Amino acid sequence: MDYMTVQVITPNGICYDHHAYFILLSTVDGELGVLPNMIPTIASLKIDELKVRRIDDEKHVDWISINGGIAEVRNNLVTIVADSAERERDIDVTRAERAKRRAESELQEAENKRDVDAAKRAEVALHRALNRLRVSNHR
């Protein structure tokens, strides 16, 4: 059976590098399922989770928190260049909870001051924290 190589690259280096039968990406245009031998594709990614079904065991699924970026599918290589990314096993839940509370506080403060830019930044920070917490629940 055919498979793909999946690489997740961040400014800090390679975060993930494995073989897979199936990948589920969240793009700005909706969800995209990727299978081996797919036509070449480039897509912008949202802040969301990445699902990778590994080849070593049909039930082995890796979950990765992706915080925006670009995915390229070409010749059974899926390259994801992300702003930041974390595997479910690497997420510090306590730190993610603190980030969530801090973002909620900053959002409330920005809304009280009617600071649209600060509110948008806080919303993105909150979305990232919630994404990390959601991915950490797959453990």
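The values are calculated or read from the model by the stated rules, or taken from the named source; none is laboratory data. As the structure is a prediction and not an experimental result, all values here were calculated from the model. Quick reminder, even Gly has a Cβ in these numbers, built from the backbone with ideal geometry, and neighbours come from all protein chains shown. Note: accessible area is taken over every heavy atom of the protein model, side chains too, but ligands, DNA and RNA are not part of it. Shrake-Rupley method; radii C 1.70, N 1.55, O 1.52, S 1.80 Å.
Residue by residue, what Karplus-based ³J(HN,Hα) values in Hz, rounded to whole numbers, does the range 118-133 have, using 6.51, -1.76 and 1.60 with θ = phi - 60° and x for Gly and Pro?
Result, ordered by residue: 5, 5, 5, 4, 5, 4, 5, 4, 5, 4, 5, 5, 5, 4, 4, 5 Hz.
Tell me the relative contact order for the chain as a rounded percent, counting alpha carbon contacts under 8 Å between residues six or more apart. Write out the running numbers ahead of the final one.
Numbers: 293 pairs, mean separation 30.4, N = 139.
So the answer I get is 22 percent.
For GLY69, list long-range residues whose amide hydrogen, built 1.01 Å from N in the peptide plane, is under 5 Å from its own amide hydrogen.
LEU45, ASP83
In Å, what is the Rg of the alpha-carbon atoms in the range 64-106, and how long is Dmax?
Rg, Dmax (Cα atoms, Å): 14.1, 45.
According to the Cα gyration tensor, what semi-axes, each the square root of 5 times an eigenvalue, does the equivalent ellipsoid of the range 91-137 have, listed from largest to smallest in whole Å?
Details: eigenvalues 99, 17, 6 Å².
Over the Cα atoms of the range 91-137, the semi-axes work out to 22, 9, 6 Å.
Whenever you get a sec, compute what percent of the accessible area on the chain sits on carbon and sulfur atoms (1.4 Å probe).
That fraction is 47 percent.
How big is the charge dipole of the range 91-137 about its Cα centre, in debye rounded to the nearest 20, if each Lys and Arg gets +1 on its Cβ and each Asp and Glu gets -1 on its Cβ? Please report the intermediate quantities before stating the final value.
On the way: 12 positive and 9 negative charges, 38 e Å.
Roughly 180 debye, rounded to the nearest 20.
Would you mind getting me the FRET efficiency between GLU58 and VAL124? Use the beta-carbon distance for r and R0 = 25 Å, nearest 0.05. Provide the component values of the computation, followed by the final result.
Values: r = 36 Å, r/R0 = 1.44.
FRET efficiency, GLU58 to VAL124: 0.10.
Expressed in nm to one decimal, what extension gain is obtained for the pair GLU104 and ASN137 from 0.36 nm per residue of sequence separation less their Cα-Cα distance?
Values: separation 33, 0.36 × 33 = 11.88 nm, distance 2.03 nm.
Difference between extended and current length: 9.8 nm.
Which residue, ILE42, ILE80, ILE64, has the most motion in a Gaussian network model of the chain that connects Cα atoms within less than 10 Å?
In the Gaussian network model the winner is ILE42.
For the charge dipole of the range 91-137, defined by +1 on Lys and Arg C-beta atoms and -1 on Asp and Glu C-beta atoms about the Cα centroid, which residue among GLN108, THR94, ALA119 has the Cα displaced farthest towards the positive pole?
Result: THR94, furthest along the dipole toward the positive end.
Placing +1 at every Lys and Arg Cβ and -1 at every Asp and Glu Cβ, with all other atoms neutral, what dipole size does the chain have around its Cα centre, in debye to the nearest 20? Don't jump to the answer; show the numbers that get you there.
Working: 21 positive and 24 negative charges, 66 e Å.
Taking the Cα centre of the chain as origin, the dipole is about 320 debye.
Quick one: accessible area per residue over the chain, 1.4 Å probe, rounded to a whole number of Å²? Don't jump to the answer; show the numbers that get you there.
Details: 8210 Å² over 139 residues.
On a per-residue basis, 59 Å².
Using only Cα atoms, locate the centre of the range 25-84 and the centre of the range 95-117, then give the distance between them in Å, rounded to an integer.
Their Cα centres are 30 Å away from one another.
Give, in whole angstrom and from largest to smallest, the semi-axes √(5λ) of the equivalent ellipsoid of the range 1-41, with λ running over the eigenvalues of the Cα gyration tensor. All intermediate terms of the calculation are to be shown ahead of the outcome.
Numbers: eigenvalues 68, 51, 13 Å².
Each semi-axis is the square root of five times an eigenvalue, giving 18, 16, 8 Å.
Compute the Rg/Rh shape ratio of the chain: radius of gyration over Kirkwood radius, all on alpha-carbon atoms. Show your work: numbers first, answer last.
Values: Rg = 16.3 Å, Rh = 15.8 Å.
On the Cα set of the chain, Rg over Rh gives 1.03.
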